[in-house]
Amino acid sequence: MTREHKVALTFEGADRIDIVCRDDEDVITAALRQGYLLLSDCREGSCSTCRGFLVDGEYDQLLPHSPHALSDAEEDDGLILTCRLRPSSDLEIDFDYPADRVGRYEEGTRNGQIVAIESLSDSVARVMVRTNAAQAPLQWEAGQYAQVTLTTIGVTRAYSMANVCGADRELEFLIRLLPEGRFSGHVAAGTALGEPVRIRGPYGHFTFRGCTNPVFVAGGTGLAPVLAMLRELATKAPATTATLVFGAKTDLDLLCSEELSEIQSVMPYLDVIATVGNPTPVWAGPVGGVTAHLNSVEPSASFYLCGPPGLVSACEAHLTERDVPRGRIHAERFVETREGQQ
Ligand SMILES: Cc1cc2nc3c(=O)[nH]c(=O)nc-3n(C[C@H](O)[C@H](O)[C@H](O)COP(=O)(O)OP(=O)(O)OC[C@H]3O[C@@H](n4cnc5c(N)ncnc54)[C@H](O)[C@@H]3O)c2cc1C
Ligand code: FES
């Protein structure tokens with residue numbers, strides 16, 4: 001039977017945080033469970049970031065760790081690795097840093113960092129976020145979105161994950177860069193790389209419902225959740241017959257051609273129709289809005305629509321006119337942040 005122990009964490013300047021820690025969990029994990037992110041990095045006993053001094057209390061044995069992170073002599077002197085310590089009594093642990101270095105987060109949020117920004121076109125960037133190793137990776141269903149906060153400027157916006165949830169703690173976003181945009185303008189300004197972010201979520205019901213001949217319709221960065229669903233289908237059901245109608249202003253704005261070709265190489269029955277409103281002279285592909293290309297698809301299909309609200313509404317109206325039942329139309333509108341939101 002597991003037992004709980006009281007653990008007093010004290011910091012430089014005599015600040016104190018009280019948590020409880022079960023005897024089957026380490027102190028870092030227990031603190032996280034209660035919303036405190038103590039300084040830590042590897043969480044496997046190799047980096048020594050989580051060192052503290054055991055003022056009072058007992059433990060049976062530290063979990064396996066590198067002698068470079070903590071030698072036996074240091075342990076004899078009372079030093080411990082909090083990521084490797086499971087208590088066997090109430091404890092008091094002192095840290096040599098101030099309490100304001102302890103991160104706080106609400107339940108369901110992850111702290112992370114922008115680890116890569118790649119320009120995909122003049123107006124769209126791929127932004128990669130890696131969440132903190134100290135927290136469990138975010139779990140989401142392909143098609144869902146997260147509320148992303150740029151903590152340096154205090155702005156929160158919704159963005160859909162373009163990748164499938166995995167163990168690597170990375171979230172991929174396709175962000176349309178609006179020069180006046182508070183969030184996307186900050187990304188466009190080129191200073192966001194390396195900045196901290198807070199991720200809340202996942203949210204949304206725009207997920208694949210398992211129908212046999214889906215039609216995905218995406219406008220601009222509306223491709224993000226669709227890409228996630230197609231990537232998932234490519235892994236789990238590559239023989240699916242599916243259609244993607246992808247619209248952009250010009251052929252220069254068409255995103256992720258390589259990724260779509262990769263998906264098509266494993267999904268032989270995926271038809272990709274990329275259509276542009278204002279083609280450059282070199283464009284030899286389809287021209288016009290996405291609705292023009294919905295006439296050729298089977299009305300018995302299920303439809304997944306995503307992008308600017310105007311595009312989604314136009315598609316819905318078009319499909320309803322063609323007697324597609326509402327239950328077979330799934331949509332996500334990239335609506336703007338409402339007045340009063342950050
Ligand atoms: C569920 C959901 C998922 C979303 N997923 C994505 C995504 O994956 N990728 C993505 O790029 N966006 C996505 N959005 C939109 C995103 O949340 C922001 O609204 C958008 O990035 C603009 O934020 P901003 O702070 O840069 O601009 P703001 O500061 O909010 O706006 C600046 C100016 O740009 C105008 N503006 C705002 N949005 C648009 C727009 N879409 N088109 C034209 N003008 C606009 C505003 O009216 C204002 O004048 C999503 C929205 C929702 C609701
Ligand atoms: S976090 Fe690296 S040793 Fe504990």
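Numbers at a glance
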quantity: Average Cα contact separation per residue, the chain, under 8 Å, 6 or more apart, as relative contact order %; calculated: 13 percent
quantity: Cα-based helix-to-principal-axis angle, 257-266 vs the chain, degrees rounded to 10; calculated: 90 degrees
quantity: Trypsin sites (Lys or Arg not before Pro) lying in DSSP loop within segment 258-342, provided at most 11 other Cβ fall within 10 Å; calculated: 322, 338
quantity: Using alpha-carbon coordinates, inclination of helix 309-321 to the longest axis of the chain, degrees; calculated: 50 degrees
quantity: Geometric extent, Cα atoms of the chain - Rg, Dmax (angstrom); calculated: 24.9, 78
quantity: Inter-label distance, nm, simple model (7 Å from Cα along the C-beta direction), residue 264/residue 3; calculated: 6.5 nm
quantity: Segment 231-342: Cα Rg divided by the 2.2 N^0.38 Å rule of thumb; calculated: 1.16
quantity: In degrees, nearest ten, helix 223-236 long axis to first principal axis of the chain (Cα); calculated: 80 degrees
quantity: P(r), alpha carbons of segment 173-298 - 10 Å bins starting at zero, rounded %; calculated: 11, 35, 34, 17, 2
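Coordinate-derived values only; no laboratory data. Computed from a predicted structure; not experimentally measured. Cβ atoms come from the backbone with ideal geometry, glycine included; neighbour counts cover every protein chain shown.
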